[in-house]
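What follows is one structure encoded as structure tokens, with my remarks underneath.
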Amino acid sequence: MRVGNGLTCRFWTDNWSSFGCLEQYFSQDSNFSLRIPAAATLSSLQRDGNWRLPHARSERQLNLQAYLTTVQLTEEEDHYVWEIEGTTSTRYSTSAIYSCLYGEGEVVPWDQIVWIAGGIPKQSFLCWLFVLNRCPTRDRLLRWGLQTPPTCLLCNLAPESRDHLFFSCTYAWELWLSQSRRSGLDPQRIWDAVITQLQAFSSRSWRAMNYIMSQLAIFSFNVALRLLLGFAFYGRYMASPQTSLVAIVQLCQQIQGLQAPSAVAVLNLLNQVIIYSLWREQNARIFKSLSSTQEALFGVVDCAIRDRLLSLSRPTVSAPSPTLLELYFWFLSPYS
Ligand SMILES: [Zn+2]
């Protein structure tokens, strides 16, 4: 605690002196209370520039009175300062404290895709569990010895596992494929065909041109992105359906270019919302006997994405163009 006017600095409990918390510092003294109220602030103990404390009756009290002669109340407000190994900051950082206590750990390759800025915490947490493959998919339940049918509840065609649920399940596959048609694009697998398709947008508006330029800037750095499949969400970013979480991590790490940070932000959010929505759908089928069509699930995902991006796209004077929400609209449906 940095002492200013002393109005909010609590005498007993704030760490304002070199002795730390005085409640603990004086705990060994017989006249512990010093006749100072528990909620007293520093300013309440000073009058006309003089500290009004009882006479010192111990070494510790003498030390405090000597220290107080160096404390000068000012017009500035009291404020907290966090000091870690000589570096001070007015903002508390849990990660900095953790690193200080336990040391810098090895950075995992998927941290940027799980702990994303602007992500929805519960979805980030679920994504983290799935990256570690710690969610109770049926293959894991069977390995634990629980009696449960092995079949995936979404498609009823194959054993349920993490990789199946999100990447090879026909329900998820159909969801993306069917919605790609809604985007107004036929699935394309050839770079030239995609470029031709994108160029067709250019005559429609400057926004479309801007869109194309941003796409080219992103795609030109990644060979894998030169082939696009018309998925509703990923179609204009991804070469083909990603077959594992590792592949998605690598893809997001490879995207570069003018709009890359925004595109990666939207992609990461999409990943998490889709994973979360598919897992909820699986749970709804188990526990509520309710099932949704791919179209209904797309609506849920679409709504969640729009809501989140809208909350992240507040206009500012120097707002970069485009906003995340605009970017999402463009690659979801550039005609709308
Ligand atoms: Zn399935």
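A short reminder: the numbers here are calculations on the coordinates, not readings from a lab. The structure presented is a predicted model; accordingly, all values stated were derived computationally and were not measured. Because the Cβ atoms are built from the backbone with ideal geometry, glycine has one as well, and the counts that use them run over all protein chains shown.
Would you kindly state how much longer the chain becomes between C21 and T69 on full extension, computed as 0.36 nm times their sequence separation minus their alpha carbon distance, in nm to one decimal? Walk me through the numbers on the way to the answer.
Working: separation 48, 0.36 × 48 = 17.28 nm, distance 1.82 nm.
Additional length available on full extension: 15.5 nm.
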In Å, the Kirkwood estimate of hydrodynamic radius for the stretch 31-165 over Cα pairs equals 21.7
Within the stretch 72-98, the residues whose backbone N lies under 16 Å from a label point placed 7 Å from the Cα of D48 along the Cα-to-Cβ direction are none
